[in-house]
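Below: one structure, written as structure tokens.
The values are calculated or read from the model by the stated rules, or taken from the named source; none is laboratory data. A quick note: this is a predicted structure, and the numbers were derived from the prediction, not measured. Glycine gets a Cβ as well: all are built from the backbone with ideal geometry, and neighbour counts include every protein chain shown. These accessible areas exclude ligands, DNA and RNA; they are computed on the full protein's heavy atoms, side chains included. Shrake-Rupley method; radii C 1.70, N 1.55, O 1.52, S 1.80 Å.
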Amino acid sequence: GVNRTLVGKVADKIAALNASEGYTFCLIEHDLDYISRLCQQVIVMAQGQLLTIGPIDEVRNDERVIDVYFGGGKYQEDA
């Protein structure tokens with residue numbers, strides 16, 4: 001719900017604080033383009049459970065993530 005200009009400014013500030021001060025941030029966000037700009041590791045949760053963790057490129061291509069977030073599927077924990 002935040003306008004794109006403000007989102008960009010927030011991202012710039014987060015990146016600057018990480019680079020200059022070494023601060024770590026926990027972001028909760030669904031916009032993968034925004035996340036990919038800021039995060040080295042991504043944690044994906046579905047229905048309150050850990051689905052996957054890894055670099056953004058791996059997460060974007062994970063079939064479970066695609067199914068749950070883009071395909072309307074339901075997360076099924078591996079048996």
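Of the residues 31, 62, 12, the one that moves most in a GNM of the chain with alpha-carbon contacts below 10 Å is 31.
Roughly how large, in nm² to one decimal, is the mean projection of the convex hull of the alpha-carbon atoms in the chain? Display every interim value, and only then the final one.
Numbers: hull surface 24.4 nm².
Mean shadow area of the hull around the Cα atoms is 6.1 nm².
Note on residue 5/residue 49: beta-carbon distance plugged into 1/(1 + (r/R0)^6) with R0 of 35 Å gives a FRET efficiency of 0.50.
Amide H contacts of residue 45 (H built 1.01 Å from N, in plane; Pro and chain starts excluded): 51 sit under 5 Å, all sequence-distant by 5 or more or on other chains. Accessible surface computed residue by residue for the chain, with neighbouring protein chains in place and a 1.4 Å probe, gives 77 Å² per residue. Note on the range 1-70: with neighbouring protein chains present and a 1.4 Å probe, carbon and sulfur make up 53 percent of its accessible heavy-atom surface. Rounded, prolate or oblate: which fits the range 1-43 when a ≥ b ≥ c are the square roots of the eigenvalues of the alpha-carbon gyration tensor, with rounded for a/c under 1.5 and prolate only if a/b beats b/c? Oblate shape, in that a/c is at least 1.5 and b/c is the bigger or equal ratio.
Taking the C-alpha atoms only, the angle from helix 4-21 to the longest principal axis of the chain is near 80 degrees. A Förster radius of 22 Å, combined with the Cβ-Cβ distance separating residue 58 from residue 33, puts the computed FRET efficiency at roughly 0.85.
Top to bottom by accessible area (1.4 Å), largest first, where do 53, 66, 35 land?
Order by accessible area, largest first: 53, 66, 35.
Which is the longest run of the chain containing none of the chymotrypsin sites (Phe, Trp or Tyr not before Pro) found in DSSP loop states (not H, G, I, E, B) with at most 14 other C-beta atoms within 10 Å? Here the longest segment lacking exposed loop sites spans 26-79. Mean-square fluctuations from a GNM of the chain, with a 10 angstrom spring cutoff on Cα atoms, peak among 11, 19, 46 at 19.
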